[in-house]
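**Student:** What follows is a structure written as structure tokens; I'll ask about it next.
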Amino acid sequence: MRIPCVDAGLISPLVQLLNSKDQEVLLQTGRALGNICYDSHEGRSAVDQAGGAQIVIDHLRSLCSLTDPANEKLLTVFCGMLMNYSNENDSLQAQLINMGVIPTLVKLLGIHCQNAALTEMCLVAFGNLAELESSKEQFASTNIAEELVKLFKKQIEHDKREMIFEVLAPLAENDAIKLQLVEAGLVECLLEIVQQKVDSDKEDDITELKTGSDLMVLLLLGDESMQKLFEGGKGSVFQRVLSWIPSNNHQLQLAGALAIANFARNDGNCIHMVDNGIVEKLMDLLDRHVEDGNVTVQHAALSALRNLAIPVINKAKMLSAGVTEAVLKFLKSEMPPVQFKLLGTLRMLIDAQAEAAEQLGKNVKLVERLVEWCEAKDHAGVMGESNRLLSALIRHSKSKDVINTIVQSGGIKHLVTMATSEHVIMQNEALVALALIAALELGTAEKDLESAKLVQILHRLLADERSAPEIKYNSMVLICALMGSESLHKEVQDLAFLDVVSKLRSHENKSVAQQASLTEQRLTVES
């Protein structure tokens, strides 16, 4: 029936009826237009062209403050009509946002929060609109956080709470709204839900526990909201989250570890947490998940440890607490997200920690696993982190034993490939590690460097105008170091490096120009 109504030209006269002063006419017209818009592109398009949405929004604004039952019925119908009009249609939803529908609906919710039908309509509308990025700024300029938290506190029915959760989740992706929700007391509500539901085995309660604890973690992703809840490590919210980690409930363990990872986003928090025993709690948690453990919990606990290891002052403390040993238990994991975080944690721990880097670099099982993961082409993150850790073991240990272990495990070719990465930081790390190999153990690595075509790659990096200055500089340092090998020296001569290097003497970067002069001298003397 919808398309025949459009084809018969009924939409424009119906929209004109929205200007009536008769409440019954408005009610029936709103219903008719809502039906015509329901799941009908033609119906929506016709209402759009006739300007129906704007008239309905104007009605909502003018009737918003009237709380008599007849008026509330009309408001409910108009809200329903707008929902049908814009449902699952981003451009029509964006149009409603531009018309200022959000402040109007928030005001409606505040005034008519006792009216269940109208409240439900507002929540569904918010759920649709909140998915659009353009809506977040407008929501943030209203008191939506306060209204939703007020409503949430009153709800005891699972279905109604779920509806509010569905609005809160997309809204809480915005940092300004995160802070507003924290200030409106949402966290206290979520903690209460966790406490009530944690021991229940009812499906609804398990769902609510998950939704509540996930939302709590989401609120901690905003810097301001996170710091407000951390309160220098003394905050009751932070303390409650800590108590989730030793829990026997996997969902709470997961939320607790993710919350710690979020609290560990600045150095001050990290230092405070490490000094107050969080590392031991996370290691205990990991220990409970070594054998056939929960992958999401493993990933979250490793994320937290990685973040905690970033401040320099924490590295030695975490190493002496036995974090590397705890992390290495997951070397056998076949799950890429766990592998990725494991690698990142180890890389953070050994940064500028020569002894730890040497100890790990001589661990044959670890190095062999790294070499294996360097070929994980289906998992770019794992592949990249494996290469970076391989390079870091050499750079931070500067140890011949580590280099020998890496050579014997077949790791050299991966470091040479890493020098061609699209990421300058990774190229640079590879070149520095290769220069150390050439300086400390050239004889041992010579064959591998040759078969990986290192000299040709260096020639390409120096000739490429797009190469960053530090790449050119380190490539020349490496060329000089390779001259100690007869076979590699011959490759350098055959490729006419002098032409490429002499052009770099006039490079705008002083360090590159100076290194070009030194390299040119070296090449000339040894030609």
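The values are calculated or read from the model by the stated rules, or taken from the named source; none is laboratory data. Here the structure is a predicted model, which is why all the values come from computation and not from measurement. Ideal geometry is used to build each Cβ from the backbone, glycine not excepted, and the neighbour counts take in all protein chains shown. Only protein heavy atoms, including side chains, enter the accessible area calculation; ligands, DNA and RNA are left aside. Shrake-Rupley method; radii C 1.70, N 1.55, O 1.52, S 1.80 Å.
**Student:** Could you check ASN128 against (1) surrounded by 20 or more Cβ atoms within 10 Å (Cβ to Cβ); (2) at pLDDT 90 or above and say which number it fails?
**Tutor:** (2)
**Student:** Consider ASP214 against the criteria (1) under 18 Å from VAL106 (Cβ atoms); (2) of a type in the set (D, E, K, R); (3) under 24 Å from the mean Cα position of the chain (by Cα): it satisfies all of them except one. Which criterion is unmet?
**Tutor:** Single failed check for ASP214: (1).
**Student:** Moving on to the next point. Just to be sure before I move on: is LEU319 farther than 24 Å from MET383 by Cβ, open to solvent by 10 Å² or more (accessible area, probe 1.4 Å), in contact with a Leu (Cβ under 7 Å, 6 or more places away or on another chain) and not hydroxyl-bearing (Ser, Thr, Tyr) in the structure I sent?
**Tutor:** On the way: farther than 24 Å from MET383 by Cβ: yes; open to solvent by 10 Å² or more (accessible area, probe 1.4 Å): yes; in contact with a Leu (Cβ under 7 Å, 6 or more places away or on another chain): yes; not hydroxyl-bearing (Ser, Thr, Tyr): yes.
For LEU319, the condition - farther than 24 Å from MET383 by Cβ, open to solvent by 10 Å² or more (accessible area, probe 1.4 Å), in contact with a Leu (Cβ under 7 Å, 6 or more places away or on another chain) and not hydroxyl-bearing (Ser, Thr, Tyr) - is met.
**Student:** Going by the structure shown, is SER475 surrounded by 20 or more Cβ atoms within 10 Å (Cβ to Cβ), in contact (Cβ under 8 Å) with a residue 24 or more places away in the chain and either part of a helix (DSSP H, G or I) or not charged (D, E, K, R) (or both)? Write out each step before concluding.
**Tutor:** On the way: surrounded by 20 or more Cβ atoms within 10 Å (Cβ to Cβ): yes; in contact (Cβ under 8 Å) with a residue 24 or more places away in the chain: yes; either part of a helix (DSSP H, G or I) or not charged (D, E, K, R) (or both): yes.
Criteria met by SER475.
**Student:** Considering each residue of the range 396-422, count those that are closer than 20 Å to MET348 by Cβ, modelled with pLDDT of 95 or more and surrounded by fewer than 19 Cβ atoms within 10 Å (Cβ to Cβ), and give that number.
**Tutor:** Selection size over the range 396-422: 1.
**Student:** For the structure I just gave you, tell me whether LEU219 is under 20 Å from the mean Cα position of the chain (by Cα), within 21 Å of LYS153 (Cβ to Cβ) and not assigned by the TED database to the domain that holds ILE271.
**Tutor:** Numbers: under 20 Å from the mean Cα position of the chain (by Cα): yes; within 21 Å of LYS153 (Cβ to Cβ): yes; not assigned by the TED database to the domain that holds ILE271: yes.
Yes: the conditions hold for LEU219.
**Student:** A further question on this structure: Can you confirm whether MET283 is outside the structural domain of SER391 (by the TED database), under 24 Å from the mean Cα position of the chain (by Cα) and either assigned to a helix (DSSP H, G or I) or crowded, with 21+ Cβ neighbours inside 10 Å (or both)? Reasoning before the result, please.
**Tutor:** Numbers: outside the structural domain of SER391 (by the TED database): yes; under 24 Å from the mean Cα position of the chain (by Cα): yes; either assigned to a helix (DSSP H, G or I) or crowded, with 21+ Cβ neighbours inside 10 Å (or both): yes.
Spelling it out, MET283 is indeed outside the structural domain of SER391 (by the TED database), under 24 Å from the mean Cα position of the chain (by Cα) and either assigned to a helix (DSSP H, G or I) or crowded, with 21+ Cβ neighbours inside 10 Å (or both).
**Student:** Here's another thing I want to ask about it. Can GLU375 be described as surrounded by fewer than 18 Cβ atoms within 10 Å (Cβ to Cβ) and assigned to a helix (DSSP H, G or I)? If you could, list the steps in order and put the result at the bottom.
**Tutor:** Values: surrounded by fewer than 18 Cβ atoms within 10 Å (Cβ to Cβ): yes; assigned to a helix (DSSP H, G or I): no.
No, not satisfied.
**Student:** Specify the residue that is least open to solvent (accessible area, probe 1.4 Å); the eligible residues are those in the range 478-487 that are more than 16 Å from ARG460 (Cβ to Cβ) and out of contact with any Lys or Arg (no Cβ under 8 Å at 6 or more places or on another chain).
**Tutor:** Checked the range 478-487; the qualifying residue least open to solvent (accessible area, probe 1.4 Å) is SER485.
**Student:** Could you check the range 1-110 for helices (runs of 4 or more DSSP H) lying wholly inside it with 3 or more residues that are in contact (Cβ under 8 Å) with a residue 40 or more places away in the chain?
**Tutor:** Working: elements: 2-7, 11-17, 23-37, 41-49, 52-63, 69-86, 90-98.
Passing ranges, in order: 2-7, 23-37, 41-49, 52-63, 69-86, 90-98.
**Student:** I'd like the full set of residues that are hydrophobic (A, V, I, L, M, F, W, C) and buried (at least 24 other Cβ atoms within 10 Å of the Cβ), limited to the range 249-260. Step through it out loud before you land on a result.
**Tutor:** So the first thing to find is which residues in the range 249-260 are hydrophobic (A, V, I, L, M, F, W, C), and the list is 252, 254-255, 257-260.
The answer is LEU254, ALA255, ALA257, LEU258, ALA259, ILE260.
**Student:** State which residue is surrounded by the most Cβ atoms within 10 Å (Cβ to Cβ) when the search covers only the range 440-472 and only residues that are among the basic types (Lys, Arg) and in contact with a helix residue (DSSP H, G or I) (Cβ under 8 Å, 6 or more places away or on another chain). Steps first, please.
**Tutor:** Here is the first cut: in the range 440-472, the residues among the basic types (Lys, Arg) are 447, 453, 460, 466, 472.
Remaining after also requiring in contact with a helix residue (DSSP H, G or I) (Cβ under 8 Å, 6 or more places away or on another chain): 453, 472.
Details: LYS453: 15, LYS472: 27.
Checking each candidate, the answer is LYS472.
**Student:** Now for a separate question. Confirm whether THR29 is within 43 Å of the chain's Cα centre (by Cα) and among the hydroxyl-bearing types (Ser, Thr, Tyr). Working first, answer last.
**Tutor:** On the way: within 43 Å of the chain's Cα centre (by Cα): no; among the hydroxyl-bearing types (Ser, Thr, Tyr): yes.
Criteria not met by THR29.
**Student:** Mind listing whichever residues of the range 116-168 are closer than 19 Å to MET81 by Cα and polar (S, T, N, Q)?
**Tutor:** THR119, ASN128
**Student:** Within the range 109-122, can one find any residue that is among the small types (Gly, Ala, Ser) and either closer than 21 Å to ILE55 by Cβ or under 30 Å from the mean Cα position of the chain (by Cα) (or both)?
**Tutor:** No; the residues of the range 109-122 include none that is among the small types (Gly, Ala, Ser) and either closer than 21 Å to ILE55 by Cβ or under 30 Å from the mean Cα position of the chain (by Cα) (or both).
**Student:** Give me the pairs: first residue in the range 218-245 and of a type in the set (Ser, Thr, Tyr), second residue assigned to a helix (DSSP H, G or I), beta-carbon distance under 6 Å, and six or more apart or on different chains, which are they?
**Tutor:** Qualifying pairs under 6 Å: SER225/LYS178; SER225/LEU179; SER225/VAL182; SER225/LEU219.
**Student:** Right, another one. Can you find a residue in the range 357-372 that is within 20 Å of GLU334 (Cβ to Cβ), in the same structural domain as ILE437 (by the TED database) and not in a helix (DSSP H, G or I)?
**Tutor:** yes
**Student:** For the range 63-85, what are the residues that are polar (S, T, N, Q) and at pLDDT 90 or above? Show your work before the answer.
**Tutor:** Initially, the range 63-85 is screened for residues polar (S, T, N, Q), giving 65, 67, 71, 76, 84.
Within the range 63-85, just THR76 meets the criteria.
**Student:** Restricting to the range 195-204, name every residue that is part of a helix (DSSP H, G or I) and touching a residue at least 24 places away in the same chain (Cβ under 8 Å).
**Tutor:** The answer is ASP204, and nothing else.
**Student:** Tell me the residue from ILE437, ILE425 that is open to solvent by 60 Å² or more (accessible area, probe 1.4 Å) and among the hydrophobic types (A, V, I, L, M, F, W, C), please. So that I can check it myself, show each step before the final result.
**Tutor:** Working: ILE437 fails: open to solvent by 60 Å² or more (accessible area, probe 1.4 Å).
Among ILE437, ILE425, only ILE425 is open to solvent by 60 Å² or more (accessible area, probe 1.4 Å) and among the hydrophobic types (A, V, I, L, M, F, W, C).
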